[in-house]
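None of the figures in this text is laboratory data; all of them are computed from the coordinates on show. Since this is a predicted model, take the numbers as computed values, not measurements. Neighbour counts are summed over all protein chains in view; Cβ atoms, including those assigned to glycine, are modelled from backbone coordinates with ideal geometry.
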Amino acid sequence: MFCLHLFILLITLLYACGRNATKIDGNEPDRNQLSRLRNEINSLVQEEGNISSCRAVAFGTKPCGGPWEYLVYSNSTTQTDILLTKVATYNNLENDLNIRDNETSDCAYLEEPNLAVVDGRCVSVSEDEKIELPRDNLNLLPLTEIDMASPHAIPLKVIDAYVLGDTLAIKISYTGGCRSHEFQLLDTGIATRSVPPQHLLSLVHVLSDDPCEALLTRILFFDLLPLKTTYQNLGSVAIRLESLDGMPLYSWD
């Protein structure tokens, strides 16, 4: 009789363990969860806006590292905080699944996209496509004198820069997404005596308490007319940006 009771007890324990194991497995992340989350993210993306509102965020996680793609959206029509929170969740989940499932991928580095507006929608464009930027619709930022720099600023990664008319467009990459960020283009007042002169500017990111860590890409636009006034008689000036190879040329008639 004792043996019978012991046998029943063992069967009961095994059944209970089996139920618990099933419950744990059911809570493990899977590719279906990833797919549902992707659909939620795609439904949040809104592209209508002007060029100053266009943003791009790294989306997905390759097993070899880096994103699979960049999502382009307008922060004026998108619920940005919800979108970036879900993107961060998606990226972390895919990374966990890659490690768990021992996934592999290519290790090609994906460049941050060039952003433009086509038919009122934020889009990514290739390097050889012409980008039209109407000056009166850019939310132009001013140059800041070096002695007016924020004491809480750090140098910022510059991806690219180009001159369009009297506007300097600077493509940047930074982390954040849940709070507004401030950037300053500092006029150092330093220039060479060459022709054209090379004028040194420094782009900085004013430190923010943004808790989000989404990898963002955007374009900042700065008014170059003060440099035109300084070098009026020379007809042009080469813009030297710290951390950027090459110098965009600002010229006028």
| task | Give me the net charge of I219's neighbourhood, meaning all other residues with Cβ under 10 Å from the Cβ of I219; Lys, Arg count +1, Asp, Glu -1. | result | +2
| request: Would you mind ranking M247, M148 so that the residue whose beta carbon has the fewest other beta carbons within 10 Å leads the list? | output: M148, M247
| note | Listing L207, L97 by rising number of other beta-carbon atoms within 10 angstrom, fewest first, gives L207, L97
| request: May I ask you to sort V45, V125, V237 by Cβ crowding, counting other Cβ atoms within 10 Å and putting the fewest first? | output: V125, V45, V237
| request: Lys and Arg at +1, Asp and Glu at -1: add these up for the other residues within a Cβ distance under 13 Å of G235 and post the number. | output: 0
| remark: With x for Gly and Pro, the residue-by-residue ³J(HN,Hα) of the stretch 143-151, computed from phi through the Karplus equation 6.51 cos²θ - 1.76 cosθ + 1.60 at θ = phi - 60° and given in whole Hz, is 6, 10, 4, 4, 7, 9, 5, 5, x
| field | Under Karplus coefficients 6.51, -1.76 and 1.60, residue-wise ³J(HN,Hα) of the stretch 227-233 in Hz, glycine/proline x | value | 5, 4, 5, 5, 10, 3, 6
| remark: The answer for the net charge of residues other than D106 whose Cβ lies under 15 angstrom from its Cβ, with Lys and Arg +1 and Asp and Glu -1, is -2
| task | Just check the stretch 31-114 against the gyration tensor rule for me: Cα atoms, a ≥ b ≥ c as the square roots of the eigenvalues, rounded for a/c under 1.5, and otherwise prolate or oblate depending on whether a/b exceeds b/c. | result | oblate
